[in-house]
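S.K.: I have a structure here, written as structure tokens, and I will follow up with some questions on it.
The values are calculated or read from the model by the stated rules, or taken from the named source; none is laboratory data. Bear in mind that the values here come from a model prediction, so they are computed numbers and not experimental data. Methodologically, a virtual Cβ is constructed for each residue, glycine included, from the backbone with ideal geometry; neighbour enumeration extends over all protein chains shown.
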Amino acid sequence: MNQTPLVEMINIHKRFGGIHAVKGVNLDLYPGEVVGVLGHNGAGKTVTIKALSGAIPCDEGEIRINGEKVSIRSPRDARKYGIETIYQTLALADNLNAPENLFLGREIMTAYGTLNDRAMENEARKVIDRLNPNFKNITDAVKNMSGGQRQSVAIARAIYFNAKILIMDEPTAALGPQETAMVAKLIKQLKSEGIGIFLISHDLHDVFDLSDRVAVIKNGRLIGTRRTCEVTKEEVLGMIIMGRLPETA
């Protein structure tokens, strides 16, 4: 790829006391690309990605967005650079509806300083309809929605505020087959719009279905990054378990 990466994470290190959790990891991401980030629990994949989201600032290393070095010390910094994170828990307020969740903390106000509920509902319908045209009950409380609909709300919230880089943590965990297929369709649509996605997952099938490249982290180190079409699931499993790169012909 000869274009500038959306994201470059260079020689990222993170320590927690005496534990060196991330040791010199390098990752990059291009527009309209999905990079699957794989590894056991405790491998360092989540900590690495949280350095990009601003949840856990790195101790050493460099992050570049569109080729420019940036400082990301908080989620607010990350949002400034078009980085949004969708955690496994989705971080939605169950008692609020979709528009209220979408604009939570960033509400649209009227000229009189009151909440502009109609404007927020109209905007929410536009962005959700773009993602999931069959999702009509957006004024129901989120707790009454299906898992797939909840994912739609979380993704809509990210892209409404012009995310160019999306971090998705286990997006299909605890979803049924139909909802998993719907989330896969959402991810493919976001790709087509030029959004770059880091997909953190334990599910090899998900990663192979959705990712252009796969990166494996083990014991805080990057084992390697490979194009998904050029490796088998067995080879990636070997990278995860043995920390061994597939043999090249």
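S.K.: Give Val127, Val183 a once-over and let me know the one that is surrounded by 15 or more Cβ atoms within 10 Å (Cβ to Cβ), part of a helix (DSSP H, G or I) and not assigned by TED's automatic domain parsing to the domain that holds Leu102.
M.R.: None of the other options fit; the residue is Val183.
S.K.: Does Ile138 satisfy the criteria of being in a helix (DSSP H, G or I), outside the structural domain of Ala55 (by TED's automatic domain parsing) and of a type in the set (Val, Ile, Thr)?
M.R.: The answer is no for Ile138.
S.K.: Quick one: which strands (runs of 3 or more DSSP E) sit completely within region 1-88 and have at least 2 residues that are more than 22 Å from Gln151 (Cα to Cα) and modelled with pLDDT of 95 or more?
M.R.: 7-16, 19-29, 60-65, 68-70
S.K.: Next up: Please go through region 34-60 and give me each residue that is surrounded by fewer than 20 Cβ atoms within 10 Å (Cβ to Cβ), in contact with a strand residue (DSSP E or B) (Cβ under 8 Å, 6 or more places away or on another chain) and closer than 26 Å to Leu237 by Cβ, ordered by number.
M.R.: Listed by number, the list holds a single entry, His40.
S.K.: Which of the residues spanning region 154-164 are surrounded by 15 or more Cβ atoms within 10 Å (Cβ to Cβ) and closer than 20 Å to Gly32 by Cβ?
M.R.: Ile155, Ala156, Ala158, Ile159, Tyr160, Ala163, Lys164
S.K.: Report yes if some residue within region 194-216 is part of a strand (DSSP E or B), closer than 30 Å to Gly67 by Cα, in contact with a Ser or Thr (Cβ under 9 Å, 6 or more places away or on another chain) and small (Gly, Ala, Ser); otherwise report no.
M.R.: Yes, the conditions are met somewhere in region 194-216.
Residue by residue, here is whether (1) at pLDDT 90 or above; (2) surrounded by fewer than 15 Cβ atoms within 10 Å (Cβ to Cβ); (3) within 22 Å of the chain's Cα centre (by Cα) holds:
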position	(1), (2), (3)
Ala98	yes, no, yes
Asn101	yes, no, yes
Asn137	yes, yes, no
Glu179	no, no, yes
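S.K.: Quick one: is Arg157 part of a helix (DSSP H, G or I) and either under 30 Å from Leu27 (Cβ atoms) or within 22 Å of the chain's Cα centre (by Cα) (or both)?
M.R.: Answer is yes for this residue.
S.K.: Sticking with this one: With the condition kept exactly as written, say whether any residue in region 182-196 is farther than 26 Å from Leu52 by Cα and under 20 Å from the mean Cα position of the chain (by Cα).
M.R.: For region 182-196, residues farther than 26 Å from Leu52 by Cα and under 20 Å from the mean Cα position of the chain (by Cα): present.
S.K.: A follow-up question, please. Across region 89-114, what is the total count of residues that are in a strand (DSSP E or B) and either basic (Lys, Arg) or in contact (Cβ under 8 Å) with a residue 40 or more places away in the chain (or both)?
M.R.: 1
S.K.: Right, something else. Does Val231 fit the bill of being modelled with pLDDT of 90 or more and aliphatic (A, V, I, L, M)?
M.R.: Spelling it out, Val231 is indeed modelled with pLDDT of 90 or more and aliphatic (A, V, I, L, M).
S.K.: So which pairs qualify, if the first residue must be in region 165-176 and assigned by TED's automatic domain parsing to the domain that holds Val37 and under 13 Å from Gly36 (Cβ atoms), the second must be at pLDDT below 80 and in a loop (DSSP other than H, G, I, E, B), the Cβ gap must be under 6 Å, and the two must be at least 6 apart or on different chains?
M.R.: Asp169/Tyr87; Asp169/Gln88; Glu170/Gln88
S.K.: Which residues, counting only those in region 177-204, are of a type in the set (A, V, I, L, M) and in contact (Cβ under 8 Å) with a residue 40 or more places away in the chain?
M.R.: Across region 177-204, the qualifying residues are Met182, Leu186, Ile187, Ile195, Ile197, Leu199, Ile200, Leu204.
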